[in-house]
Amino acid sequence: MRKGQHTAGPPEPREHGTSSGNDPLPPPPGGVLWSLSGDVRALLMLPAALTLQVAHPAVGAGVDEHSVFRTDPWGRGERSLRSLQLWVYGGDGAAEEGRRLRRLHRTIRGTDTRGRAYHALTPANYAWVHATGFPVYRHAARYLIRPMTQAQERALYAEWLRVGRILGIHDRDMPQTIEEFWPYWEKMLAGEIEATTVVRELVDVDQPVPPPDRGPWPLRMILRALWPVLLPPLARFRRFVTIGLMPPDARAAIGLPWTAAQERRLRRFCAVVRAVVPVLPERLRYLPRARAARAAHAAAGGRRNG
C-alpha cells in the first residue's frame, strides 16, 4: 500500500433483499448458477475470470500490492473457491460471506498504474470484479457444456445480480439488464482494462509457482519431488485455458495472443470434456459444497438441475 492516499473507504451499503434479517437472497436452488458454478468444469473457467478482473488497473494494483497470490497461490485459490461457492450454495451464510469480504477489503487502497488513487470498495472497482463472472460463464459454457438459450442467459444474469447483492453492491452500481450490461462491458474494454503486471504474471509460463501444500502428506511429497517436471506443462495448460476461455473481445482488449490453431486445439479439448464429465458420478462431477447443497435440496423435495 502506498502512503498518503485516502484514509477511509466507501461506507458499507445497506443490505438489499427479502430474506430473514433483510439479508440479500442468494441465487435460487435449482437455478442456472446451481448447475454451473459447482460443476467441476467451472474450475477451468475461473482462471479467465480472475485474469480479467485484474486487468482493471485499480483491481490489478490492489492484488499486486496486497495479495499473497505469489507466496501462497494454493491457499489463496482454495479460499477464493470456498468464497465463491458460499455465494451460491451458502444459504443463510452467503450474506455473511459477502460482509466478511467487504471487511477484508476495507484497508486495500493505493495508486493504480495510471496514477489514480483507488480503494478496493469503490463501487466502480468492486462492481467490475463481480461483472466479469457473467460474460466468462456465458462464453466458457459454450465450449465446456453447451450454448445457453436466451432464456438461460437472462436467468444467469438475474442470478448473477443476486450474487452482486450478496457482495454488497448496490443495484445502482450494476447494470440491471443484459441490454444495459453489454454497453457497460464494451465501454470497460475500450477504455479501462489493460495488460497489468498481474495479468502478465498470470499468463507467464515461466512464472515460479511453489508446489501444492494441500492434501495428504505422501501426495505433497511426491508432487514436491516431481514439481520441476510437472510445472512447465501445467503452466502452459493454465495459460491455454485462461486465454482460450476468455471472451474474444476481452482477450483482444488486453492484447493476449490467440491463434486459429490454438482455437482448434481448445475445441478438441472441450469436446472431450463435454463427453466425459456428464457420465461421471455425482461425487466426481460436482464440487463438495455444491454436491452437499444439491443433495439437501433434493431431499427437501427440490429437483436437481444438470
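Using a 1.4 angstrom probe on the protein heavy atoms only, line up 237, 69 by accessible area, largest first. Before the final figure, lay out the partial values.
Working: 237 80, 69 30 Å².
Result of the area sort, largest leading: 237, 69.
Helices in the chain that qualify as membrane-span-like (whole DSSP H runs, Cα extent of at least 15 Å along the helix axis, mean Kyte-Doolittle hydropathy of 1.0 or higher) are 42-53.
Let me make sure I get this right: for the chain, a, b and c are the square roots of the gyration tensor eigenvalues over alpha carbons, sorted descending. Under 1.5 in a/c it's rounded, otherwise prolate if a/b > b/c, else oblate. Which is it?
Values: a/c = 1.30, a/b = 1.03, b/c = 1.26.
Because its axes are fairly even, with a/c under 1.5, the chain counts as rounded.
Taking 7 Å steps out from each Cα toward its Cβ at residue 184 and residue 258 produces label points 2.2 nm apart. The stretch 21-85 and the stretch 140-175 have Cα centres separated by 14 Å.
Please list 217, 258, 185 from largest to smallest accessible area, probe radius 1.4 Å, with all protein chains kept in place. Write down the numbers at each step before the final one.
Details: 217 155, 258 50, 185 5 Å².
Ranked from most to least accessible, the order is 217, 258, 185.
GNM remark for the chain: springs join alpha carbons under 10 Å apart, and the peak mean-square fluctuation among 196, 107, 177 falls on 177.
Whole Å is fine, so just give me how far the alpha carbon centre of the stretch 234-287 lies from that of the stretch 189-206. Between the Cα centres of the stretch 234-287 and the stretch 189-206 lies a distance of 18 Å.
Within the stretch 179-249, list the trypsin sites (Lys or Arg not before Pro) lying in a DSSP loop whose Cβ has at most 12 other Cβ atoms in a 10 Å radius. Walk me through the intermediate numbers first.
On the way: sites: 187, 200, 214, 220, 224, 236, 238, 239; in loops: 214.
Of the trypsin sites (Lys or Arg not before Pro), the ones in loops of the stretch 179-249 whose Cβ has at most 12 other Cβ atoms within 10 Å are 214.
Residues in the chain average 50 Å² of solvent-accessible surface per residue, probe 1.4 Å, ligands and nucleic acids excluded.
In this structure, residue 221 and residue 43 have a Cβ-Cβ separation that, at R0 = 35 Å, corresponds to a calculated FRET efficiency of about 0.90.
Projecting the Cα atoms of 191, 156, 115 onto the charge dipole of the stretch 50-206 (Cβ charges, centred on the Cα centre) puts 156 farthest toward the positive pole.
Just by accessible area at a 1.4 angstrom probe, what is the order of 41, 103, 116 from largest to smallest?
On the way: 41 10, 103 110, 116 85 Å².
From most accessible down to least: 103, 116, 41.
Shown for the chain: the carbon plus sulfur share of the solvent-accessible area, taken with all protein chains present and a 1.4 angstrom probe, equals 59%. Counting only heavy atoms of the protein chains and using a 1.4 Å probe, residue 213 has close to 80 Å² of accessible surface. Per-residue SASA remark: residue 96, around 80 Å² accessible (1.4 Å probe; ligands, DNA and RNA not included).
Here the label points at residue 100 and residue 280, each 7 Å from Cα along the C-beta direction, are separated by 2.5 nm in the simple model.
A helix-only calculation puts the chain at -18500 deg cm²/dmol for mean residue ellipticity at 222 nm, using -39500 (n - 2.57) for each DSSP H run of at least four residues, averaged over all residues.
The values are calculated or read from the model by the stated rules, or taken from the named source; none is laboratory data. Keep in mind it's a predicted model, so treat the numbers as computed, not measured. Cβ coordinates were reconstructed from backbone atoms using ideal geometry, including for glycine residues, and neighbour counts include every protein chain displayed. The area values use the complete protein model at the heavy-atom level, side chains included, leaving out ligands, DNA and RNA. Shrake-Rupley method; radii C 1.70, N 1.55, O 1.52, S 1.80 Å.
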